[in-house]
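> My questions will all concern the structure given below.
The values are calculated or read from the model by the stated rules, or taken from the named source; none is laboratory data. Just so it is clear, the structure is predicted and the values come from calculations on it, not from any experiment. We place every Cβ from the backbone using ideal geometry, glycine too, and count neighbours over all the protein chains shown.
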Amino acid sequence: MDYLISDLTEQPEVGNNTLLADKVVLEDSTIWFKGEDNIVYIDPGTTLKNVEINMRGNNSLVYIRKTNHGCPFLVDIYHNSVFYMGKNNSINLVRAAFRLSEYKNILIGDDNMMSYDIDVRVADPHLIYSTESMDRVNPSKSIYIGDHVWIGQNTRILKGVNIGSGSIIAAESVLTKSVPSNTIFGGSPAKQLKRDIFWLRPNVHAFDEKDTAKYAHYDDPCYIYEADAEEQLSFDTLEQKLMDLKTAQAKFDYLSQLTQAKNRFYIEE
């Protein structure tokens, strides 16, 4: 049986699934359970605006942290996968699309800024084979995005990509390989354009001369990420842990304890 939820003023029926959404408000948003043994967790007090979560398979987890920004998105998730959206992420105007299948994951850290028309997918999705070996050559792969990443408009992030904290993906990019921390990548396919950078959220469109002068220099190194053996959590380690955990509940328990250390998602150049 399918369960389509668009109102949380009363506890909805979700069958053999779990919905953890204390004091959550849905505005032009829906959560659709089509399978079984799925978990959707949303931080208490969150308001979801223009969000669509489609649990199309079984035993998957969607974990949504609270944000102070507008963050419209679409999640299509099938079997044995995890979608994790960290704290205080923003998406501009039009829903970003996140598509998960074949037991792969998408994890997004905190304080990321995404423009409109962003598409993130872990699969091609149709099958491709070698004419010599007859083996499949396009396996699906998970995607991991660190903290404080700026993703420009009309960007496509394809399977297997990891993005280190503090980086920028230029508009109109097609990202096919991983991105080190504090770098700029752009193009189709995207390549490194600049290194040793960091960025801030203020929008320059309305700047006057005083604003421009104010931000000509910024001394705080808070958005410069670095190698730290005690803080770092490699995306490979995270992926293996999520693959080893067999139930949505076990994955939920693990991600509930995810480290908040600054350099957790640093990627070395």
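> Assess whether G187 counts as being touching a Ser or Thr at 6+ places or on another chain (Cβ under 7 Å), at positive phi and among the small types (G, A, S).
Against the criterion (touching a Ser or Thr at 6+ places or on another chain (Cβ under 7 Å), at positive phi and among the small types (G, A, S)), G187 qualifies.
> While we're here: Considering I168, I118, I163, I128, which residue is in contact with a strand residue (DSSP E or B) (Cβ under 8 Å, 6 or more places away or on another chain) and within 16 Å of A97 (Cβ to Cβ)?
Just a single option satisfies the conditions, and that option is I118.
> Take F207 and decide whether it is free of Cβ contacts under 8 Å to residues at least 60 places away in the same chain and more than 20 Å from G146 (Cα to Cα).
yes
> Would you mind finding the one in I128, I106 that is under 16 Å from the mean Cα position of the chain (by Cα), modelled with pLDDT of 95 or more and under 27 Å from V174 (Cα atoms)?
Every option except I106 fails the conditions.
> Okay, moving on. Can you name every one of the strands (runs of 3 or more DSSP E) wholly within region 90-183 that holds 1 or more residues which are of a type in the set (G, A, S) and over 22 Å from L200 (Cα atoms)?
Hits in region 90-183: 96-100.
> Report yes if F98 is under 14 Å from the mean Cα position of the chain (by Cα) and over 26 Å from N263 (Cα atoms), otherwise no.
When the stated conditions are applied, F98 does not pass them.
> So if I check each of T183, T212, which one is of a type in the set (S, T, Y), more than 18 Å from the chain's Cα centre (by Cα) and closer than 19 Å to F265 by Cβ?
Only one candidate passes the filter, namely T183.
> I've got another one for you. Checking P202 against (1) farther than 25 Å from R65 by Cβ; (2) not in a strand (DSSP E or B), which test does it fail?
Failed condition: (1).
> Something else now. Exactly one of (1) of a type in the set (F, W, Y); (2) loosely packed, with under 15 Cβ neighbours inside 10 Å; (3) in contact (Cβ under 8 Å) with a residue 40 or more places away in the chain is unmet by Y129. Its number?
(3)
> Checking Y223 against (1) surrounded by 14 or more Cβ atoms within 10 Å (Cβ to Cβ); (2) not in a loop (DSSP other than H, G, I, E, B), which single condition isn't satisfied?
Every listed condition holds for Y223 apart from (2).
> Considering K241, K191, which residue is more than 27 Å from V82 (Cβ to Cβ) and either touching a Leu at 6+ places or on another chain (Cβ under 8 Å) or not in a loop (DSSP other than H, G, I, E, B) (or both)?
The conditions single out K191.
> Of everything in region 231-245 that's among the charged types (D, E, K, R) and without any contact (Cβ under 8 Å) to a residue 12 or more places away in the chain, which residue is farthest from S142 (Cα to Cα)?
D244
To keep it simple, each residue is scored yes or no on (1) surrounded by fewer than 16 Cβ atoms within 10 Å (Cβ to Cβ); (2) outside any loop (DSSP other than H, G, I, E, B); (3) in contact with a helix residue (DSSP H, G or I) (Cβ under 7 Å, 6 or more places away or on another chain); (4) modelled with pLDDT of 95 or more.
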| position | (1), (2), (3), (4) |
| --- | --- |
| L4 | yes, yes, no, yes |
| Q11 | yes, no, no, no |
| K23 | yes, no, no, yes |
| G35 | no, no, no, yes |
| L48 | no, yes, no, yes |
| G70 | yes, no, no, yes |
| D76 | no, yes, no, yes |
| Y84 | no, yes, yes, yes |
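> So, one more: Just a yes or no: is a residue in region 3-24 in contact (Cβ under 8 Å) with a residue 60 or more places away in the chain and acidic (D, E)?
The answer is no, given that none of the residues of region 3-24 is in contact (Cβ under 8 Å) with a residue 60 or more places away in the chain and acidic (D, E).
> Only one residue in L193, L127, L175, L200 is touching a Phe, Trp or Tyr at 6+ places or on another chain (Cβ under 8 Å) and over 24 Å from N89 (Cα atoms). Which one?
L193
> May I ask you to say which residue of R264, R195 is in contact (Cβ under 8 Å) with a residue 60 or more places away in the chain and loosely packed, with under 15 Cβ neighbours inside 10 Å?
Within the list R264, R195, the selection yields R195.
The rows are residues; the columns are (1) farther than 23 Å from K251 by Cα; (2) among the aliphatic types (A, V, I, L, M).
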| position | (1), (2) |
| --- | --- |
| D22 | no, no |
| S29 | yes, no |
| V40 | no, yes |
| N80 | no, no |
